[in-house]
Amino acid sequence: MATIRVLVADDHPVVREGIRRFLESCPDITVVGDVATREALLSSVHNARPDVVLLDIRLGDADGIKAARHIRRLYPHVKVVIFTSYADKAYLYRALEVGVHAYVLKNIAFEELTETIRAVYAGERRLSAELIGDLMAYFEQLARAHSQQASGLSEEEIQVLYLMANGATTQQIAQAMHWSEATVKRRIRAVLEKLGATTRAQAVAEAFRRGLIS
C-alpha cells in the first residue's frame, strides 16, 4: 500500500497538533510537516514534496487561497485540500477557480478527513455536504455567463428579458430601465434578433431554454 505524504498548514498550534496526531495513527498516511505561515508552507512543499497539502484559508495574515494558487501552478502533482471553518461561498468560489481538489469544513469527523485525503490522492474531488448547494449555484452562474456570452446579449438586455418574462409592458419596461418607449422597442427587437425569435413569448421561452433567465 502506498503511503500518502501529507503536509498540514494551519496557523493554530492546537489544530495542527490534533490533526498530526490523528493522521499519524493511520498506517497509509505520513505527515511530512506542519506549518503556520505562507512562507513555511511554500518552503515545505518544495523541500518535503507532499502528495497532499491540508490547508486552511487563513495563515495568520496570509491568504491561503493565494498560496493554493501558487502551489497548483508550480507543483501541479500536489493535491490541495482546503480544510477550514469558513463556509462562505465567496471563499468556495475562489478556491474552485484556483483548482483545489477538496473543500471541507472543520466540523467533519476525523474519519471523513482521512477519507477525503485518500480520495483526492486517488484523483477524486470532495466537498462538504452543506456546500453542495453553493457549488450548484456556482456552476449555474458559470453556465449562465457562458450562455450570455454566446448569445451576445448585454446585461441590460438580460434585464429586459426578465421584465418580459414577468409580463411587463413596453411602458413598464421603459419606467424600470429609465428609457423612452422607442428605445425599449428598439432594444426588444435586438433581443429577438439575437435569440432568433419573432415574438416576445418566443424570446422568453428561448431565454429559459438557454438558461439565460430562471
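The values are calculated or read from the model by the stated rules, or taken from the named source; none is laboratory data. Since the model is a prediction, treat every value here as computed from it, not as a measurement. As a convention, Cβ positions derive from the backbone with ideal geometry for all residues, glycine included, and neighbour counts pool all protein chains shown.
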Within region 135-188, can you find the residues that are charged (D, E, K, R), over 30 Å from residue 95 (Cα atoms) and out of contact with any helix residue (DSSP H, G or I) (no Cβ under 9 Å at 6 or more places or on another chain)?
186
Write out, first by first residue and then by second, each pair whose Cβ atoms fall under 6 Å of each other, whose residues are 6+ apart or on separate chains, and whose first residue, in region 40-54, is of a type in the set (Asp, Glu) while the second is surrounded by fewer than 19 Cβ atoms within 10 Å (Cβ to Cβ).
51/5
List every residue pair whose Cβ atoms lie under 7 Å apart, where the two residues are 6 or more positions apart in sequence or sit on different chains, the first residue falls within region 105-130 and is over 18 Å from residue 21 (Cβ atoms), and the second residue, located anywhere, is among the aromatic types (Phe, Trp, Tyr) and modelled with pLDDT of 90 or more.
127/103; 128/103
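Considering 72, 49, which residue is within 24 Å of residue 112 (Cβ to Cβ) and surrounded by fewer than 22 Cβ atoms within 10 Å (Cβ to Cβ)? Talk me through it step by step, then tell me what you get.
Numbers: 49 fails: within 24 Å of residue 112 (Cβ to Cβ).
Criteria check complete, one pass: 72.
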State all residues of region 169-214 that are touching a Lys or Arg at 6+ places or on another chain (Cβ under 8 Å) and at positive phi; if no residue qualifies, say none.
211
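Scan the strands (runs of 3 or more DSSP E) fully inside region 1-61 and keep the ones with 1 or more residues being out of contact with any Phe, Trp or Tyr (no Cβ under 9 Å at 6 or more places or on another chain) and at positive phi.
Per the criteria, 29-35.
Confirm whether residue 168 is surrounded by 14 or more Cβ atoms within 10 Å (Cβ to Cβ) and free of Cβ contacts under 8 Å to residues at least 12 places away in the same chain.
Details: surrounded by 14 or more Cβ atoms within 10 Å (Cβ to Cβ): yes; free of Cβ contacts under 8 Å to residues at least 12 places away in the same chain: yes.
In short, yes.
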